[in-house]
Amino acid sequence: MTKKKKAKICVRKGNRRRCKEITIKSGVWSDKAFSSVKNLLNEAKRMAKKDSYATTIRRLNLIRIWNKNRNEILARRITTVMERLKKMHVRGEI
């Protein structure tokens with residue numbers, strides 16, 4: 001069963017800081033999905049085929065922004081996977 005967590009993301013735009021509340025579903029990703037780029041890419045491909053490309057990118061982007069200052073390595077992994085998914089989507093592979 002997926003649970004929904006509420007989180008707050010603050011982004012600086014110009015001189016002002018804008019905060020926005022988002023909802024993150026837990027249980028969508030498998031336990032070992034974020035351990036390597038290969039696992040994350042396979043999980044994202046499976047999710048893109050099941051749901052849609054836009055939904056998968058949106059979910060990855062939320063996790064990337066959430067971890068940008070907390071876990072930079074994970075944020076870079078997610079960015080790499082998002083770029084690879086974009087290339088695959090343009091070629092029509094997913």
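What follows is calculated from the coordinates using simple rules that are stated; it is not laboratory data. Values in this document were obtained by computation on a predicted structure and should not be read as measured data. Because the Cβ atoms are built from the backbone with ideal geometry, glycine has one as well, and the counts that use them run over all protein chains shown.
Structural remarks
- Exposure proxy order (Cβ contacts within 10 Å, fewest to most) of Leu74, Leu60: Leu74, Leu60
- Simple point charges give the picture: +1 on the Cβ of Lys and Arg, -1 on the Cβ of Asp and Glu, and for the range 3-62 a dipole about the Cα centre of about 380 debye.
- Each of Thr79, Thr23 has some number of other Cβ atoms within 10 Å of its Cβ, and from fewest to most they run Thr23, Thr79.
- Within the same chain, lysines fewer than 8 places from Lys3 are excluded, and of the rest, those with a Cα less than 21 Å from its Cα are Lys20, Lys25, Lys32, Lys50.
- Segment Ala54-Glu93, length gained on full extension (0.36 nm per residue, minus Cα span): 12.6 nm
- Between the labelled values (i) 64, 10, 8; (ii) 23, 16, 13; (iii) 33, 14, 8, the entry that holds semi-axes √(5λ) of the Cα gyration tensor in Å as derived from this structure is (ii).
- CD proxy at 222 nm, helix term only [per DSSP H run n ≥ 4: -39500 (n - 2.57); per residue of the chain; nearest 500]: -17000 deg cm²/dmol
- Under the convention that each Lys and Arg Cβ holds +1 and each Asp and Glu Cβ holds -1, the size of the dipole of the range 29-91 around its Cα centre is about 180 debye.
- Normalising the average separation of contacting C-alpha pairs (under 8 angstrom, six or more residues apart) by the number of residues puts the relative contact order of the range 29-91 at 33 percent.
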